[in-house]
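Participant: The structure under discussion is supplied below as structure tokens; questions concerning it will follow.
The values are calculated or read from the model by the stated rules, or taken from the named source; none is laboratory data. Note that the structure is a prediction, hence the values are computed from the model and not measured. Glycine also receives a Cβ, built like all others from the backbone with ideal geometry; neighbour counts cover every protein chain displayed. Quick note on the areas: whole protein, heavy atoms, side chains included, nothing else; ligands and nucleic acids left out. Shrake-Rupley method; radii C 1.70, N 1.55, O 1.52, S 1.80 Å.
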Amino acid sequence: TQSTGSSGINAEYGGLPGAGVQGAKGQKGSAGKPGIPGDAAQTIQLNPYIVAFHSQKNVAPKCFDGMTELWTGYSFMFVDGAEARKWGQNLGGAGSCVPDFYPGFLGISDIDAVTYGASVDKTVWIATAPDKMDLNYQESLPRRQLRLKSSDRAEILSYISRCAVCESIFKMVVVHSMNNQVPDCPDGYVPAASPNRMIAGTNSKEWTGYSYWAREVNEYPLGVMTDDPAACLLYYAPNTIVECNTATCAVRIKISNWLIDVNQDVEQYSSLLYYHDAEKFVSRCRVCHRPEATNIQYINQ
């Protein structure tokens with residue numbers, strides 16, 4: 001028989017393995033594909049405008065598109081305290097919209113004690129505006145004191161205007177015509193929407209109204225700055241307020257002050273029987289803002 005000898009070590013490769021020399025650096029590769037878009041950055045308005053809207057109805061108004069609603073509540077005007085303790089709220093500010101109805105929230109503090117809800121101190125609230133065609137409006141108002149802790153509470157709330165506080169990134173401007181015609185916006189501005197545009201029965205979708213200035217209580221005029229949109233009330237309601245102490249409320253007829261139509265000769269009219277007769281003597285107004293405000297895109301995260 002014939003035998004075959006064993007193969008040599010690594011005979012298949014012709015010898016022992018060795019360490020090679022590192023090659024030169026390769027050329028830079030081509031750019032990669034774009035990545036997935038990241039999340040949008042959060043925009044924070046560090047100094048926003050805080051405004052209050054009053055509907056003069058028992059339904060809350062709505063903030064404009066792009067605004068953030070902070071809360072809704074009841075339209076608070078001023079405190080009629082004893083002696084000289086009287087102060088009013090700016091109707092355009094957040095303090096004029098109380099989230100809950102607190103009729104007697106005034107407390108008096110000295111070194112010995114705190115007196116809460118003195119019966120002589122009263123809070124005063126914006127009343128709901130009457131229907132223009134209601135010739136018997138004043139006669140229909142309740143003449144009695146309405147008790148808060150009774151079934152009267154619902155009736156009281158039906159007479160108090162509702163409000164909304166809104167955060168805005170744009171400012172508004174009010175224009176007063178000083179006549180009985182609604183003015184136009186200044187050049188470069190557009191009409192603002194009506195805060196009551198979503199309330200049933202509202203005729204105008206734009207914020208037009210009547211030039212309000214002040215209301216008097218016990219010879220103290222408590223008003224609003226005429227450059228504030230709150231000075232343009234949506235409805236002419238010259239007389240009524242709701243006045244409350246800690247136990248009762250009453251719808252009162254009080255003096256109010258409005259800018260007038262300077263072109264009218266008021267003295268030729270010997271008597272004004274109804275509030276809508278006087279309406280034609282009141283200055284009209286409009287609220288406006290920059291057109292860019294309606295073109296802002298808001299992204300809900």
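Participant: Name every residue in the range 141-158 that is of a type in the set (Asp, Glu) and open to solvent by less than 50 Å² (accessible area, probe 1.4 Å), in order of residue number.
Facilitator: Residue satisfying the conditions is 152 alone.
Participant: Additional query: Where residues in the range 183-193 are touching a helix residue (DSSP H, G or I) at 6+ places or on another chain (Cβ under 8 Å) and closer than 11 Å to residue 293 by Cβ, which of them is least open to solvent (accessible area, probe 1.4 Å)?
Facilitator: Per the criteria, the residue is 192.
Participant: When both residues are 6+ apart or on different chains and their Cβ atoms are under 9 Å apart, which pairs have a first residue that lies in the range 244-262 and is on the phi < 0 side of the Ramachandran plot and open to solvent by less than 20 Å² (accessible area, probe 1.4 Å), and a second that is small (Gly, Ala, Ser) and modelled with pLDDT under 80?
Facilitator: 244/104
Participant: Which condition breaks for residue 166 when tested against (1) more than 23 Å from residue 130 (Cα to Cα); (2) free of Cβ contacts under 8 Å to residues at least 60 places away in the same chain?
Facilitator: Among (1) more than 23 Å from residue 130 (Cα to Cα); (2) free of Cβ contacts under 8 Å to residues at least 60 places away in the same chain, the lone unmet condition for residue 166 is (2).
Participant: For the list (1) over 30 Å from residue 263 (Cα atoms); (2) open to solvent by less than 60 Å² (accessible area, probe 1.4 Å), I need the number of the one condition that residue 180 fails.
Facilitator: Of the numbered conditions (1) over 30 Å from residue 263 (Cα atoms); (2) open to solvent by less than 60 Å² (accessible area, probe 1.4 Å), the odd one out for residue 180 is (1).
Participant: Further, regarding this structure: Might you check whether a residue that is over 18 Å from residue 227 (Cβ atoms), among the hydroxyl-bearing types (Ser, Thr, Tyr) and at pLDDT below 60 occurs anywhere in the range 282-297?
Facilitator: No, the conditions are met nowhere in the range 282-297.
Here's the yes/no breakdown for (1) modelled with pLDDT of 70 or more; (2) surrounded by 10 or more Cβ atoms within 10 Å (Cβ to Cβ); (3) acidic (Asp, Glu):
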site: 19; (1), (2), (3): no, no, no
site: 32; (1), (2), (3): yes, no, no
site: 36; (1), (2), (3): yes, no, no
site: 100; (1), (2), (3): yes, no, yes
